[in-house]
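The values are calculated or read from the model by the stated rules, or taken from the named source; none is laboratory data. Here the structure is a predicted model, which means the values were calculated and not measured. In this analysis, Cβ positions are derived from the backbone assuming ideal geometry, glycine residues included, and neighbour counts consider all displayed protein chains. Each accessible area value is taken on the protein alone, full model and side chains, heavy atoms only, with ligands, DNA and RNA left out. Shrake-Rupley method; radii C 1.70, N 1.55, O 1.52, S 1.80 Å.
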Amino acid sequence: MNLVATLGASALLTALAASLFAVGAAVAGQRLARPALIEAARRAIVVTAALTTLAIGVVGYALLTDDFSIAHVVAVSSRDMLPHMKWAALYSGQPGSLLFWTWLLSLMLAAFALLTVPRIPWGAAHATAASGAILAAFLVPAVFLASPFDISPVTPEDGTGLNPLLVDPAMLVHPPFMLAGLVSTAVPFALGAAALLSGRIDGRWIRAVRPWALWSWLLLSVGNILGAWWAYTTLGWGGFWGWDPVENSAILPLLPMTAFVHSLMVQERRGMLKLWNLALVFAAFALAVFGTFNVRSGLVTSVHAFALSDVGPYFLAVLSITLGVSVVLLGWRSGRLRADHDFESMASRESSLIVNNYLFTILALVILGATLFPVFSELVRDVRITVTAPFYNDVVGPLVIVLLVLIAVGTVLPWRRAASATLVRRFRVPLGVLAGSAALLAALGMRDGFALAAVAASITLAYVTLREFVIGARGRRAAGGQSWPAALLALFERDRRRYGGYLVHLGLAVMAVAVVSATVYQSQARGILAPGESFEVGGYTLAFEGLRERAGTANGIETEVLAAVTVLRGGEAVGTLEPGRRFFRNFPEQPMAMVDVDTGWREDLYVFLQGWDADGVAEINAFVNPLMAWLWIGSGIYVLGGIVVFAPQPARERVPAPAVPPSGATTEA
């Protein structure tokens, strides 16, 4: 008997029992009006998190001590793996990733039970029961279908090691953030269910859900950005997003969650979109469950997906139940979800936010439909037709341009209604910026219509966003005589949600320009070169100097082959790059790229070694990606804005307003 495996399996089984107890105790406490039972159920959620943490600790211990009597350790680890990569190996295989997912979910719901549930007496029992049911749904497969504590039939001397694709530092950050983002959608779902079950469909559930929705949106955003960075720096195809089915599954929950964090402002201010907002949080969680099913079902072909297993059909059942419960709850309470107010004007911020929501919904439906299209085509025509990147670019690209314009429009429009003269005054300059930037870009030689529209829209969005900062800071300076930096910081102290959101929009504008530049204006060339030969790409000359080999050191790496490439521009050497290929002992047919990138403010030179022959003739691929660094700079601004939005708003000291506004102050904010 393996005591380590027994301890871990027992912890998971007990965690499942605790989650089921939470469901039963919460329901009984509500029906019998027994607060003590509801409190016991809430504590059971915390106990479940403690037990899954114990299970994670057991797996980590088994990996660090090379306990190859456990099948999961054999499949994902080896003796020469470094400790930090053994931690990454914990969530690399099917059982480990499922346990890690469940552990993060338990931590998220335990934090919810500790921080929020005591503050919502109107829905504590229902939220706790929903939390317990969600935990149980994910613990069942970890206990019965894909346990990380199964014993190996034979205990080998060494394990297989981590999949070569995952032997990368990004493995330490991208999967945890991505999985945390996906599981975080469970909290808004539980709160939405509690609101409907308790009948308290008012501002109280919106106030409770807001921080959790923002947290979920932020984690999902960071997870997707890190995934793009990993793809760019590791995979060797010169890009950062390939519309892979599992990549699509990762971004899908972000779309309704982004729509929700915008539309909840409409419900807060105007008492509108009640049904819509609940549908959005339900959709975000359902799409997170869909991602779990998609990765583990064999439904689609992807480098990210696991092999076909019994877990896939199970999560299809979970997805079906999630959708069914959501529809039933929304239908049951639909009569009480009417808006408190009607629209007063189409030219209002709430109207632009609703159209913005529709666009996010259309984007999600397009991506979901295209992801599942191979399945539908096989069912109908018995032919699996895969939707490739050109379709997504042609369909999603124009929708994103419209979205950028709508964000700019929504920034300028006031709430409720505005007089025609106000609209003319507010839109006059932004429209001039849009037309002027488009004309200037065309004069500078930009002929691609998609690129022209996207960059002009991004410039306009950046302008109206920066204008809001200038208007606000100018008002602060006029009122208190502050310096410009102090006035700008004061804006965030006064209203973090508003100005943090503007930072997000500014980051999005910068990211959009970078994506368009690196996609539309990418230069690519390939050279098959003997040592001493060279080829041209995007104004650079790449001279191949020869190959060298070095022995691997750890993590299953046997050898690394590097190509020395001298980079010349204008006839002068400006640097040396060393792309290569990495070979693994237990995966001889799966060499991995070692990309080398020379990053600059204007462009990236991205070089990749495709292969070579016995005579040392190498095939080298090179890409020049304009403004690529600005994608990561824009991402940083976007994430910083998200952190500002999520950060708690400090309590403001009430100061009596002056009887007469100071001279020079503006009200156009």
Practice task
Might you work out the accessible area of V295 for me, using a 1.4 Å probe with all protein chains in place, and round it to the nearest 10 Å²?
Solution key: 20
Handout entry: Computed E for D80/Q610 - FRET, C-beta separation, R0 25 angstrom, nearest 0.05
Key = 0.35
Exercise for the section: Note down the accessible area of Y232, probe 1.4 Å, to the nearest 10 Å². Expected result: 10
Practice task
Pairs of Cα atoms under 8 Å, at least six residues apart: use those to get the relative contact order of the chain, whole percent.
Solution key: 11
Problem - the stretch 619-629 - phi-based ³J(HN,Hα) in whole Hz, Karplus 6.51/-1.76/1.60, Gly and Pro as x - result: 9, 10, 9, 9, 10, 10, 10, x, 6, 4, 4
Exercise for the section: For P(r) over Cα pairs in 10 Å bins from 0, in percent, several values are listed as (i) 3, 13, 23, 27, 21, 10, 3, 0; (ii) 3, 10, 13, 14, 15, 14, 12, 9, 6, 3, 1, 0; (iii) 3, 13, 22, 24, 20, 12, 5, 1, 0; flag the one computed from this structure. Expected result: (iii)
Practice task
Leaving out ligands and nucleic acids, note down the accessible area per residue over the stretch 523-626 with a 1.4 angstrom probe, in whole Å².
Solution key: 48
Practice task
Amide H neighbours of T576 under 5 Å, at least 5 residues apart or on other chains, H built in the peptide plane: list them.
Solution key: V567
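About the Cα centre, and with charges only on the beta carbon of Lys, Arg (+1) and Asp, Glu (-1), how big is the dipole of the chain? Nearest 20 debye, please. Walk me through the numbers before you get to the answer.
On the way: 45 positive and 42 negative charges, 820 e Å.
Taking the Cα centre of the chain as origin, the dipole is about 3940 debye.
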Handout entry: Accessible carbon and sulfur surface of the chain relative to its total accessible area, %, 1.4 Å
Key = 64
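What does the charge count near A213 come to, summing +1 for each Lys or Arg and -1 for each Asp or Glu among other residues with Cβ under 14 Å from its Cβ?
On the way: positive: R207, R210, R497; negative: E268.
Result for the local shell: +2.
With +1 on each Lys and Arg Cβ and -1 on each Asp and Glu Cβ, and nothing else charged, work out how big the dipole of the stretch 323-475 is about its Cα centre, in Debye to the nearest 20. Could you put the intermediate results ahead of the total?
On the way: 14 positive and 9 negative charges, 112 e Å.
Here the size comes out at about 540 debye.
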Practice task
With θ set to phi - 60°, apply the Karplus curve 6.51 cos²θ - 1.76 cosθ + 1.60 along the stretch 318-334 and write out the HN-Hα couplings as whole Hz, x wherever there is a Gly or Pro.
Solution key: 4, 4, 4, 5, 4, 5, x, 4, 4, 5, 4, 5, 5, x, 5, 9, 4
Practice task
Mind checking which of A479, A408, V429 is farthest towards the positive end of the stretch 395-536's charge dipole, using Cβ charges of +1 (Lys, Arg) and -1 (Asp, Glu) about the Cα centre?
Solution key: A479
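Once the piece of chain linking E558 and T388 is laid out straight, how much longer is it, given 0.36 nm per residue of separation minus the C-alpha distance between them? Spell out each step's value before the answer.
Numbers: separation 170, 0.36 × 170 = 61.20 nm, distance 3.48 nm.
Separation in residues times 0.36 nm, less the Cα-Cα distance, equals 57.7 nm.
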Handout entry: Net charge, V143 excluded, C-beta distance under 14 Å - Lys, Arg +1, Asp, Glu -1
Key = -2
Exercise for the section: Tell me which residues come under 5 Å, amide H to amide H, from T559 once H is placed; ignore anything under 5 positions away on its chain. Expected result: G552, F583
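Determine the shape class of the stretch 523-626: with a ≥ b ≥ c the square roots of the Cα gyration tensor eigenvalues, call it rounded for a/c under 1.5, and otherwise prolate if a/b is greater than b/c, oblate otherwise.
Working: a/c = 2.21, a/b = 1.67, b/c = 1.33.
Note, shape of the stretch 523-626 comes out prolate.
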Problem - Length released on extending from R34 to L337, taking residue separation times 0.36 nm less the Cα-Cα span - result: 106.2 nm
Fill in the blank from the handout: In Å², rounded to a whole number, the accessible area per residue of the stretch 27-155 with probe 1.4 Å is 37
Practice task
Name the residues whose placed amide hydrogens come within less than 5 Å of the amide hydrogen of S77, ignoring near sequence neighbours (fewer than 5 apart) on the same chain.
Solution key: T160, G161
Completion exercise
The farthest towards the positive end of the charge dipole of the chain, of the residues V565, H174, L353, given +1 on Cβ of Lys and Arg and -1 on Cβ of Asp and Glu, is L353
Exercise for the section: Work out from phi, with θ = phi - 60° and the Karplus expression 6.51 cos²θ - 1.76 cosθ + 1.60, the ³J(HN,Hα) of each residue of the stretch 504-511, listed in order in whole Hz, and give x for Gly and Pro. Expected result: 4, 5, 5, x, 4, 5, 5, 4
Fill in the blank from the handout: Per-residue accessible area, 1.4 Å probe, largest first, puts E536, E578, E468 in the order E536, E578, E468
